[in-house]
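The values are calculated or read from the model by the stated rules, or taken from the named source; none is laboratory data. Computed from a predicted model, the values in this text were never measured in an experiment. Every residue, glycine among them, receives a Cβ derived from its backbone with ideal geometry; neighbour counts consider all protein chains shown. Heads up: the accessible areas ignore ligands, DNA and RNA and are worked out on the full protein's heavy atoms, side chains in. Shrake-Rupley method; radii C 1.70, N 1.55, O 1.52, S 1.80 Å.
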Amino acid sequence: MSTRNRDIILLILVAIIAIAPMVMYSGLGEDQGYFSGSDGAAGEAIEELGYEPWFSSFWEPPSGEIESLLFALQAAIGAIIIGYFIGYWRGASKNKKE
Amino acid sequence: MHIMEGFLPPIWCLFWYILSIPVIAYGIIRIKKVTEETPESKSLLAVSGAFMFVLSSLKIPSVTGSCSHPTGNGLGAAIFGPAVAAVLATIVLLFQAILLAHGGLTTLGANVFSMGIIGPLVAWGVYKGFTKSGISAAIAIFFAAFLGDLFTYVTTSFQLAMAFPEPTFQAALTTFLGIFAITQIPLAIAEGLLTVVIWDQLTKYKPRLLEKLNALKISSSSKKSSEVSGDS
């Protein structure tokens, strides 16, 4: 199998892994206690012990919208860098062959 | 895997900072050395860091019904070693702590220790062990990324159980492993698969460079067919 076909299959598998939980718990959401972050779940478990966080973030994204903006920005920065270099290498190796 | 801001008692924050700082410092020295000896590795370093940036921004639902994100720490660790991965992880964790209020500055030392040190150490060990025993690099990188990711979360669970051993250390560990590690298994598999995809690209375009960095062995037959890069 060519690596290209293999990579396509691997990406499909990743998509299945991400989609399967949403199918399994279809119709359930945050109100029913599903799909919140594991960080938060650990925080709750600690607070149940009576622990009070002694320090809080000095800045938090003011809304969920702005938080998703910053997450998208993080992904975009990474994706641009990866795309830039792989595109550059691809072009360079094509030039060499011609 | 982020321990949230303020969720570790100050003494533990200090403890993990003390363990993490020397590794980060050593990582910075390693980066300086490797980019001086092999300037063309800068692009590979950028891609390794960028991969961590992308993967740690993807919050993926898990079969346990909660969400978590991969770490991306296996790739850089396999290529550059765990200390360099610690520096890359610190950059990612600072971005998330300052701009996203995910993780925190007080817990940065602990989060760097799990995602930047233990995870990459496991990934690097697995990658080197597998390739030395003759297993193909693609399979080795899958297990390196998978276990590097998983052990990041196992470490987080240990860190929290050590800080909050209630009612007992073991009971606390079971609770935190349930929250972090079990959730993480499918995501770690996804991370392994994504790492193989990017690995295929790197080995396709940069085999010489990976070999120079001791991250890949190329069989002698394929060596002849491709041009040899300078040693300087």
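Each row is one residue, and each column tells you yes or no for (1) within 7 Å of chain B (Cβ to nearest Cβ); (2) open to solvent by 60 Å² or more (accessible area, probe 1.4 Å); (3) under 22 Å from B:Gln201 (Cα atoms); (4) among the charged types (D, E, K, R).
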residue: A:Leu11; (1), (2), (3), (4): yes, yes, yes, no
residue: A:Ala18; (1), (2), (3), (4): yes, no, no, no
residue: A:Gly43; (1), (2), (3), (4): yes, no, no, no
residue: A:Phe71; (1), (2), (3), (4): yes, no, no, no
residue: A:Ala76; (1), (2), (3), (4): no, no, yes, no
residue: A:Ile80; (1), (2), (3), (4): no, yes, yes, no
residue: A:Ala92; (1), (2), (3), (4): no, no, yes, no
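Return the total of residues in region A:39-87 being among the aromatic types (Phe, Trp, Tyr) and in a helix (DSSP H, G or I). Counting residues in region A:39-87 that are among the aromatic types (Phe, Trp, Tyr) and in a helix (DSSP H, G or I) gives 3.
Screening region B:42-55 for residues that are farther than 26 Å from A:Ala20 by Cβ and at the interface with chain A (Cβ under 7 Å from one of its Cβ atoms) and picking the one that is most open to solvent (accessible area, probe 1.4 Å) gives B:Ala46. Restricting region B:53-102 to residues that are of a type in the set (A, V, I, L, M, F, W, C) and not in a helix (DSSP H, G or I) leaves a set whose member that is nearest to B:Ile185 (Cα to Cα) is B:Val63. For region B:56-94, the set of residues classified as more than 8 Å from chain A (Cβ to nearest Cβ), open to solvent by less than 20 Å² (accessible area, probe 1.4 Å) and in contact with a Pro (Cβ under 6 Å, 6 or more places away or on another chain) consists of B:Asn73, B:Ala77, B:Ala85, listed by residue number. A single entry from A:Ser38, A:Ser68 fulfils the requirement of being modelled with pLDDT under 90 and within 29 Å of B:Thr183 (Cβ to Cβ): A:Ser38.
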